[in-house]
Amino acid sequence: MIQQYANPARFNRLATTLMPWFAWPAGILIVAGLYFALFNSPPDYQQGDTVRIMYVHVPAAWMALFVYTSMAISSAVGLIWKHPLAHLSAQAAAPIGACFTFVCLLTGSLWGKPMWGTWWVWDARLTSVLILFFLYLGFMALQNAFDDPRRGERSAAILAIIGFINVPIIKFSVDWWNTLHQPASVVKMSGPAIHSSMLIPLFMMGVGFTLYFGALLLLRMKTLMLARRARGMSMAQLHQQAAE
Amino acid sequence: MTRKQRRMNFIVLGLLTLGVAAALVLTALEDKIVFFYSPTDIATKKQIPTNQQVRVGGLVKEGTWKKPNNNLTHRFTVTDLRHDISISYKGIIPDIFREGQGVVVLGKLQPDGNFQADEVLAKHDEKYMPPEVAEALKKSGKWKHAEEKK
Amino acid sequence: MQMISDFMAMGGYGGFIWTAYGAVAFVLGGLLIISLRENRATAAEVAALEANSPRRRNKTDKEDDAT
């Protein structure tokens, strides 16, 4: 059933129809989330107003893991079933994931300085997220490292799958080892340890970021498809010119 | 077996092998990956060197924080509720440094068993709430303190 | 005025908080703008190529070969 969307024109139509359904709710949720995060949520009893950094830091961290997971799954689908859209989706997702990871690291650092007393430490959580950032960069570099784009695609897909081992390590790093980073607050066995007045803006931003990712992924996939088409056409024209 | 199945098995087996290898490596390196030792580690493990910097983490024991007067030296006790270690530190402490809260100090263990810290980092827990809620919880006696939890 | 400056100060942590939010806006907004521009540029490239070698020409390839 999915196979039929491998048809570029059909995918293009579907993506164009779907994009506003992601983009508009994303915009609305992020604006509303920002309003709650900055104006209409309380300061924390320990951390004061710096807790507001959480509303961008934590969703960015979720997205860093979510996008990587989607990239690893697409890569596996691409390698196993050779579905033409799979590698394309991984390729389109990588820069988005890298941006989320970068934002996560940067906002974390800006939160760490006033609260922990340091911009950076080499604990298991921070180090494994930094490795995730390098995995994204490595994936993008590897994809362009070969003359034959198919070889690049395959090599990058293998890296994405190998690197997936880092995702559970990031998630559980705070439970498995002593870290400076605090343990999970939201996704944990005993339920969230965040007051509802803070959980609401957090979820708004989280869903907003997810939809932003969806819209951007479709847009970037469309671009990649167009680029592939342009490549094919200019090749054909070159051949034609050579023949003439 | 089709080629698809073969590729799938290859990837699944590869990931499993990788997972086991990663688990073994991470377990073997556990001592290197932990960010800090607990006071119990310091008290029971012999291999902690006195001549190089290590990190010790735990809770600041209630009622032990002596704020600096003139010589700017903070003194407090870090506890994991089994063992204590007394710390002295000259410098600026983070804003959320509080008694009963988590802390990680970097420094050297002195021969007399005290710990001379060069850096103090505050470690906060996973709870977030407005100040009024924290007050109300404390008043109603529902407050679960980090020390009582363990 | 007082209210605005209090809000900007964020209890003394304004510098950290506003830098964090600014960075998020810059990176995520920048990525969106770059992606939109890339899309437009690539679409224009495809359109130019299509104009250069219209579909019609592909269909008449056989006739071209025959002459």
* Looking only at segment A:199-244, count how many residues are more than 17 Å from the chain's Cα centre (by Cα) and not aliphatic (A, V, I, L, M). => 13
* Asked: Looking at segment B:82-108, which of the residues that are within 19 Å of B:ASP125 (Cα to Cα) and small (Gly, Ala, Ser) is nearest to the chain's Cα centre (by Cα)?
  -> B:GLY102
* **Odd one out for A:VAL186 among (1) assigned to a helix (DSSP H, G or I); (2) at pLDDT below 95** => (1)
* Look at B:GLY19 and say whether it is closer than 17 Å to A:SER173 by Cα, outside the structural domain of B:HIS124 (by TED's automatic domain parsing) and not in a strand (DSSP E or B). => yes
* Structure fact -> Residues of segment B:32-69 being surrounded by 11 or more Cβ atoms within 10 Å (Cβ to Cβ), out of contact with any helix residue (DSSP H, G or I) (no Cβ under 6 Å at 6 or more places or on another chain), in a helix (DSSP H, G or I) and of a type outside the set (S, T, N, Q), in sequence order, are B:PRO39, B:ASP41, B:ILE42, B:ALA43
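Return the total of residues in segment B:97-110 being modelled with pLDDT of 85 or more and part of a loop (DSSP other than H, G, I, E, B).
Of the residues in segment B:97-110, 5 are modelled with pLDDT of 85 or more and part of a loop (DSSP other than H, G, I, E, B).
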* Say we look at segment A:189-203 and pick out the residues that are assigned to a loop (DSSP other than H, G, I, E, B) and touching a helix residue (DSSP H, G or I) at 6+ places or on another chain (Cβ under 9 Å); which of these is nearest to B:VAL133 (Cα to Cα)? -> A:HIS195
* Asked: Counting only residues that are at the interface with another protein chain (Cβ under 7 Å from one of its Cβ atoms), over 20 Å from A:ALA215 (Cβ atoms) and surrounded by fewer than 21 Cβ atoms within 10 Å (Cβ to Cβ), which one in segment A:85-113 is modelled with the highest pLDDT?
  -> A:LEU106
* Asked: Tell me, which residue of segment A:5-43 that is among the small types (Gly, Ala, Ser) and over 24 Å from the mean Cα position of the chain (by Cα) is nearest to C:VAL46 (Cα to Cα)?
  -> A:ALA9
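Taking segment B:111-137 as the region of interest, how many residues are within 7 Å of chain A (Cβ to nearest Cβ), outside any strand (DSSP E or B) and over 18 Å from the mean Cα position of the chain (by Cα)? Spell out the reasoning first.
Filtering segment B:111-137 for residues within 7 Å of chain A (Cβ to nearest Cβ) gives B:120-131, B:133-134.
Among the residues that remain, those that are also outside any strand (DSSP E or B) are: B:124-127, B:129-131, B:133-134.
Right, trim to over 18 Å from the mean Cα position of the chain (by Cα) and you get B:129-131, B:133-134.
Qualifying residue count for the region: 5.
The values are calculated or read from the model by the stated rules, or taken from the named source; none is laboratory data. Just so we're clear, the structure is a prediction, and the values are computed from it rather than from any experiment. Positions of Cβ are generated from backbone atoms using ideal geometry, with glycine treated the same way; all protein chains shown enter the neighbour counts.
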